[in-house]
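In what follows, a single structure is set out as structure tokens and then discussed.
Rule-based calculations on the coordinates, nothing more; no lab input. Remember, predicted model here, so these are calculated numbers, not experimental data. With ideal geometry, Cβ positions are generated from the backbone for all residues, glycine too; neighbour counts draw on all protein chains shown.
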Amino acid sequence: MVGWGVILPQLRLSETERLALQHALQDVQGEVFIYGSRTDLAARGGDIDVLVINRTSAPYRLSQDITVKFQMACDEKIDVLVVNPDTLSAEQGAFVQSILQTGVPFQ
């Protein structure tokens, strides 16, 4: 389960967005990272890019569930990428590694 006690000042998220993400991710197992423009405090706008590393056999379904729960609480664009680390191709693994280098853990 994702923990929620950590304040993340390095993310450009409103309190509403943070709470909506917490709600959407409350039953999700695994690691969660925010990446992309929302990790740049000097930027403006942009959707919320979320990486979830989870050993699910149905990553698309989990992505859709998270998206729907988030959008029920917050009218903001969100892109949720769910990956199973046991089934990544070399190209997918390289992409995930690039996210992990710049992404911010969301706890």
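For Leu41 paired with Gln107, estimate the spin-label separation in nm (one decimal), with each label point 7 Å from Cα along the Cα-to-Cβ line.
1.9
Per-residue HN-Hα couplings for region 74-85, Karplus 6.51 cos²θ - 1.76 cosθ + 1.60 at θ = phi - 60°, whole Hz, x for Gly and Pro?
Couplings: 8, 8, 9, 6, 9, 10, 10, 9, 10, 10, 9, x Hz.
Return a whole-number percent for the relative contact order of the chain, with Cα pairs under 8 Å and 6 or more residues apart as the contact set.
The normalised contact order for the chain reaches 33 percent.
Give me the distance in nm between label points sitting 7 Å out from Cα along the Cα-to-Cβ direction at Ser14 and Ala94, one decimal.
If labels sit at Ser14 and Ala94, their model points lie 3.9 nm apart.
Can you compute the modelled spin-label distance between Arg55 and Asp27, with each label point 7 Å from Cα toward Cβ, in nm?
Here the answer is 2.0 nm between the modelled labels.
Select one label from (i) 47; (ii) 53; (iii) 40: the one whose number is percent of Cα pairs over 19 Å apart as derived from the coordinates shown.
(iii)
Please turn the phi angles of region 94-107 into ³J(HN,Hα) values with the Karplus equation 6.51 cos²θ - 1.76 cosθ + 1.60 (θ = phi - 60°), one per residue in order, whole Hz, x for glycine and proline.
These are the phi-based 3J(HN,Hα) values: 5, 5, 4, 4, 5, 5, 5, 6, 10, x, 10, x, 10, 10 Hz.
What residues have an amide H closer than 5 Å to that of Asp79, excluding those fewer than 5 places away on the same chain, when H is modeled at 1.01 Å from N in the peptide plane?
Ile48, Asp49, Val50
Using just the helices of the chain, give the 222 nm mean residue ellipticity in deg cm²/dmol: DSSP H runs with n ≥ 4 each add -39,500 (n - 2.57), and the total is spread over all residues, rounded to 500.
So the helix-based figure for the chain works out to -11500 deg cm²/dmol.
Please compute the net charge surrounding Ser37, taking Lys and Arg as +1 and Asp and Glu as -1 over other residues with Cβ under 14 Å from its Cβ.
Around Ser37, the surrounding residues sum to -2.
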